[in-house]
Each structure stands twice: as C-alpha cells, then as structure tokens.
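Working notes, beginning with the structure itself.
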Amino acid sequence: MKRVSLTQYLVEEQRQHNTIPAELRLLIEVVARACKTISHSVGKGALGDVLGSAQSENVQGEIQKKLDIISNEILLEANEWGGHLAAMASEEMETIHLIPNRYPQGEYMLLFDPLDGSSNIDVNVSIGTIFSVLKAPEGMGKPTEQDFLQPGVKQVAAGYAVYGPQTQLVLTTGNGVNCFTLDREMGSWVLTQRNMTIPATTREFAINASNARHWHAPVKRYIDELLAGSTGPRAADFNMRWIASMVADVHRILNRGGIFMYPADARDPSVPGKLRLMYEANPMAFIVEQAGGAATNGVKRIMEIQPEKLHQRVPVFLGSRDEVALVTSYHQK
Ligand code: P6P
C-alpha cells in the first residue's frame with residue numbers, strides 16, 4: 001500500500017471534506033508530534049529516570065507518576081506557541097491553562113489526559129494519551145473554565161495515542177476513524193488503517209470485575225448473563241479482558257469489537273464511576289460513535305451530557321452498539 005503520512009491524509013481530508021481548516025490541521029499535527037515525544041520518553045523506562053512516583057498529587061487526588069508530569073509538560077510546551085489554541089485543560093492540572101500573552105490566541109481549545117493508565121507505566125503495560133478538541137465560543141474574551149463546558153457533540157476532533165508494541169495514533173475529525181503507526185526510523189506517522197469499524201455484536205467484555213459486589217442491579221444482571229454463557233439467557237460464551245488502560249481496551253475494541261464498562265457503583269453515590277467526561281469519555285465516545293459503535297452513561301449518549309465541572313466523572317458503557325444498547329436498556333427497567 002502506498003505510504004500516506006498524517007500530513008498528506010489531513011491535506012486530502014481538507015480537500016475532500018473541507019472539514020479541517022488549516023488551524024485545526026496544524027493543531028492535530030502539533031499534538032501528533034507531542035505524542036511522538038511522549039512515546040520516546042515512555043520508551044526509555046528505567047534508562048531515562050522517568051519511572052516511579054513524582055511524590056505529588058493531582059487534582060484527582062491521585063499520586064502523579066513522573067511520566068504523567070513529563071507528558072503534561074510536553075503537550076503544554078508543544079501547543080503554546082502555534083497560535084491555534086485559546087487555552088488547554090488537562091487531567092493533571094486543576095485549572096485551565098491559558099496561552100501566554102507573548103503568543104497569539106487561536107480559536108481552538110485542547111483537552112487531554114496526557115498519560116492514561118499510569119498504574120501500568122512501571123510494569124511496562126500499554127498506556128496512552130487521549131485528546132479532545134473544541135472550538136472557543138464565539139466572541140470569547142479571556143477563556144474561563146465555563147468556556148470548556150461544552151457537550152461532547154461539540155468536539156471537532158478527538159484522538160488517542162497508544163504506546164504499546166507499536167506506537168499508534170487513532171484520530172477522528174467527524175468523517176470516520178483512521179489509525180496511523182509511528183515509523184520510528186523516519187519519525188513519521190503512517191496511515192495503516194482507514195475507516196476503522198466496530199462490529200455491532202461481540203463475545204468479549206471489559207470491566208474491573210473486582211468491583212462486582214458494589215455494582216448496581218442493571219450491571220449485575222448484564223454481567224451475570226454474560227458469565228452464564230451458552231447455558232444462560234445469552235446462549236453464548238463470552239471472554240473477558242481488562243488491561244486497566246482505557247486507551248488499550250478501547251483500541252482492542254476498535255480493532256475486534258467488545259464492550260468496555262466503568263459503571264458507577266454503590267461505594268460513593270457522589271462519584272459516578274472513575275472516568276472523566278471531558279478528556280476521557282467524550283473523546284473516546286466520539287471515536288467509538290464514528291466507528292459505528294455506541295457510548296452511553298447507562299441512560300443517555302455520553303456526548304449529549306451537558307458538563308457542569310471540568311473534572312467531572314461519568315459512568316461509561318462503550319463499544320459494540322448492540323451490547324451497549326442491551327446494557328443501557330437494563331438501566332431503563
Ligand atoms: P481500575 C487508568 O487509571 C484509568 O483511568 C483508565 O485508563 C482505566 O480504564 C481505569 O482507570 C482502570 O481503573 O479501577 O481498574 O484500576
């Protein structure tokens with residue numbers, strides 16, 4: 001297959017669909033370049049003094065790994081000077097990050113989880129970067145947190161990089177989902193999968209089953225039916241995967257189907273699940289829907305949720321659309 005670079009793909013998309021203005025193309029290329037740098041740091045491991053804890057806590061109350069902070073810095077520094085952004089928001093930062101006055105302010109806003117799956121860093125299991133792009137509200141002056149609180153349907157682009165056996169970048173700008181593999185020798189992103197599509201049905205589910213005693217009834221019913229296998233109501237056997245890196249679990253689902261779940265549970269009603277809406281659930285929901293899958297919070301489309309807080313959490317059910325529809329229907333009863 002003739003090699004198509006990320007740049008060529010974006011230029012072709014611009015020409016064919018006119019959906020990627022030059023500023024958005026520049027933003028995507030800058031983020032992709034930052035992910036290359038993150039991949040390089042992640043790949044050093046113990047050889048680069050980048051492992052272990054940074055002895056600090058983030059706004060989520062989680063101990064930050066050195067690579068969480070390194071990855072966050074890489075994304076901030078890469079995106080500050082380009083003139084395409086008005087502001088950024090990150091899982092690792094309590095408040096939004098304004099573009100320094102010395103640089104021009106652009107019309108896009110970038111949100112990211114710079115390194116998702118941190119618990120896997122020190123044990124060499126795949127991790128990733130998740131990003132979401134919104135347009136700055138018309139007539140916005142100095143950006144505030146409120147300007148970021150737009151529902152997921154307002155995203156103009158979303159993507160993730162997965163740092164695994166290969167480093168890959170998965171991207172949507174609203175015209176399907178494409179995957180690029182990093183050619184480390186050339187340092188370039190090469191298109192390796194066009195128009196990724198999630199099968200509507202699956203025999204594979206992903207959930208952290210150690211929380212089973214805390215699940216609410218609809219989730220318990222759904223999982224029990226999967227576990228009952230061919231002699232149960234589903235009349236089929238199912239397989240389970242849980243990598244504890246959302247990016248890696250979602251990437252598997254994009255490639256071979258499946259359903260990923262991080263539900264709310266009875267432990268703390270004030271904490272609806274673990275995953276964050278703005279820079280984990282929304283970008284992944286955009287990608288999954290663009291690949292023919294579905295993404296709900298158990299009641300409605302994740303992308304239709306009106307955000308109230310930058311770091312708010314949301315229950316997540318995403319992947320093969322028939323399975324997402326079934327588990328969502330159990331929440332209606
Ligand atoms: P648990 C990683 O910390 C993360 O945010 C997601 O990437 C992943 O799906 C989930 O949390 C894993 O959570 O409770 O299984 O460790």
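The values are calculated or read from the model by the stated rules, or taken from the named source; none is laboratory data. Worth saying up front: this structure is predicted, and the values here are computed from it rather than measured. All Cβ positions, even for glycine, are placed from backbone atoms using ideal geometry, and neighbour counts span all protein chains on display. Just so you know, the surface numbers come from the protein's heavy atoms only, side chains and all, with ligands and any DNA or RNA stripped out. Shrake-Rupley method; radii C 1.70, N 1.55, O 1.52, S 1.80 Å.
Quick notes on this structure:
- Accessible surface of Leu227, taken over heavy atoms with a 1.4 Å probe and every protein chain present, rounds to 120 Å².
- Relative contact order (%) - the chain, alpha-carbon pairs under 8 angstrom, separation at least six: 15 percent
- Extension reserve of the Ala244-Thr95 stretch, reckoned as 0.36 nm per residue once the Cα distance is removed: 51.0 nm
- Ellipsoid semi-axes in whole angstrom, largest first, where each is sqrt(5λ) of the Cα gyration tensor of the stretch 204-332: 22, 17, 13
- Highest GNM mean-square fluctuation among Gly273, Gly293, Gly229, for the chain modelled with Cα contacts below 10 Å: Gly229.
- Longest site-free stretch - the chain; sites: GluC sites (Glu not before Pro), DSSP loop, at most 12 other Cβ within 10 Å: 186-307
- Stokes-Einstein D in µm²/s, Kirkwood radius over Cα pairs - the stretch 6-193 at 20 °C with 1.002 mPa s viscosity: 126 µm²/s
- Trp81 - accessible surface, heavy atoms, 1.4 Å probe, Å² rounded to 10: 130 Å²
- Using alpha-carbon coordinates, inclination of helix 217-228 to the longest axis of the chain, degrees: 70 degrees
- Residue of Thr144, Thr173, Thr296 that the Gaussian network model of the chain assigns the largest fluctuation, springs spanning Cα pairs under 10 Å: Thr144
- For the residues Ser230, Ser53, Ser132, a GNM of the chain with alpha-carbon springs under 10 Å puts the largest fluctuation on Ser230.
- Accessible area in square angstrom per residue, the chain, 1.4 angstrom probe: 42 Å²
- Along its first, second and third principal axes, ordered by size, the stretch 1-89 spans 48, 35, 21 Å in Cα coordinates.
- Among the protein heavy atoms of the stretch 204-332, carbon and sulfur supply 52% of the accessible surface, probe 1.4 Å, non-protein parts ignored.
- Trypsin sites (Lys or Arg not before Pro) restricted to DSSP loop in the stretch 60-150 with at most 15 other C-beta within 10 Å: Arg102
- For the stretch 261-304, convex hull volume per residue from C-alpha positions, Å³: 74 Å³
- The share of C-alpha pairs in the chain whose separation exceeds 33 Å stands at 24 percent.
- Spin-label proximity, Ala209 to the stretch 258-280 - amide N less than 17 Å from point 7 Å beyond Cα toward beta carbon: 258-263
- One chain, two ends: Gln166 and Thr19. Fully extended at 0.36 nm per residue, the span grows by 50.0 nm beyond their Cα-Cα distance.
- Taking the protein heavy atoms of the stretch 6-193 in the context of the full set of protein chains, the accessible area attributed to carbon and sulfur is 50 percent at 1.4 Å.
- Helix axis angle, 246-256 relative to the chain longest principal axis, alpha carbon, degrees: 70 degrees
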